[in-house]
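Contents: one structure, followed by commentary.
Computed from the coordinates by the stated procedures, all read-outs in this text should not be read as laboratory data. Since we're looking at a predicted model, the values are computed, not measured. Glycine also receives a Cβ, built like all others from the backbone with ideal geometry; neighbour counts cover every protein chain displayed.
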Amino acid sequence: MAAKYTYGILILAFSFVLMPYLLWNATWFGKPLTDEQLTKALNDHEHARNIQHAFAQIEIRMEKCDPTVRQWYPQLVSLAHDPLAELRLTDAWVMGQDPSNRDFRQALLGLLADSNPMVQRNAALSLVRFRDATGRPQLLSMLRPYQLVAPADGVVKIRLKPGDELNPGTMVGKIVAGTQSREVRCDVPGSLHNWAVSDGTHVAKGDVLLYISPSPEMVWEALRALFIVGAAEDSSSVAPYARGVDGLPPQIQQQATLTLNAIRGRNPAPPPASN
């Protein structure tokens, strides 16, 4: 009986070690893939995580300047039209790793008009690597409060309050119309600044529901990008961060100052008119 219980305990202990390992192995994108495995994963449209794993491995090879990675470039361009926003989001970032490829640039320009704002932002950030400033409106939007609009007509049922942290996919409330209820989910990361409507208000599709303050990560990335492609008219959006914003880390203020100086250096003020 003692041996029986000992074996049982050992098996149980082993399962505690094995299960986390299997979970980690199934979700870790750093696991190397052979060329054959990578090709198979990139074409596995039934399992999006396999495609994301392939994206991660392609990015690693691109960073190492591995010339064999070019064989998958046409698929990266094609996946820019995939119906899954999660894949377009990652694809937009990966294509930015090789700014020498014209097809990538064209695909990224198209993604600036994507239906998902996070895809638009990743495309704009990647275009900066091409020294392409076409995505400046998207970069500037990352510095400003985001307006979340009603996806349908109905009565608003508020779930979260100002100050709550938000991530893409976070449910902020619902829109109720008769017996139908539709969840309202956040599109971008940040914090809930304020509701534009009260709980129980009837709204129409497209009405502004709430404002989202940008996350520190979004502000940081936008400032770094505008350091390279920012124009004179962008100074007014950068200046508040150079003065400092409560709740944001000090390195953001430092980066904003650097960005503001870079913009002004590229666009010096005209000399005062002489009498």
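Hey, any idea what Rg/Rh is for the chain, computing Rh the Kirkwood way over Cα pairs?
Working: Rg = 23.7 Å, Rh = 21.9 Å.
Taking Rg over the Kirkwood Rh, I get 1.08.
Which aspartates and glutamates, on any chain, are close to K31 with Cα under 15 Å apart, when same-chain ones fewer than 8 places away are left out?
Those aspartates and glutamates meeting the cut-off are E59.
Gain in length, R224 to D153, computed as 0.36 nm per residue apart minus the alpha-carbon separation, to one decimal in nm?
In short, 21.7 nm is gained.
Using Cα positions and a limit of under 20 Å, work out the aspartates and glutamates in reach of K161, with same-chain residues fewer than 8 apart set aside.
The qualifying aspartates and glutamates are E183, D187, D199, D207, D246.
I'd like the distance separating the alpha-carbon centroids of the range 124-163 and the range 97-120, in whole Å.
Centre-to-centre distance over Cα atoms comes out at 17 Å.
Which translational diffusion coefficient, to the nearest whole µm²/s, is obtained for the range 35-132 from the Stokes-Einstein equation, given a Kirkwood hydrodynamic radius over C-alpha pairs, 4 °C and 1.567 mPa s?
Numbers: Rh = 13.1 Å.
D = 99 µm²/s.
Give, in nm to one decimal, the length gained when the segment between R144 and E63 is fully stretched (0.36 nm per residue of separation minus the Cα-Cα distance).
On the way: separation 81, 0.36 × 81 = 29.16 nm, distance 3.18 nm.
Between R144 and E63, full extension yields an extra 26.0 nm.
Given 4 °C and 1.567 mPa s, how large is the Stokes-Einstein diffusion coefficient of the range 217-266 in µm²/s, with Rh as the Kirkwood radius over Cα pairs?
Reported coefficient: 125 µm²/s.
For the chain, calculate the relative contact order in percent as a whole number, restricting contacts to Cα pairs under 8 Å that are 6 or more residues apart.
11 percent
Return the FRET efficiency for the residue pair K205, H81: r is the Cβ-Cβ distance, R0 is 30 Å, and the value is rounded to the nearest 0.05.
FRET efficiency, K205 to H81: 0.70.
Name the trypsin sites (Lys or Arg not before Pro) in the range 146-218 that are in a loop by DSSP and that have at most 11 other C-beta atoms within 10 Å, would you?
Answer by residue number: K205.
For every other residue with a beta carbon closer than 15 angstrom to the beta carbon of V156, add +1 if it is Lys or Arg and -1 if Asp or Glu, then tell me the sum.
+3
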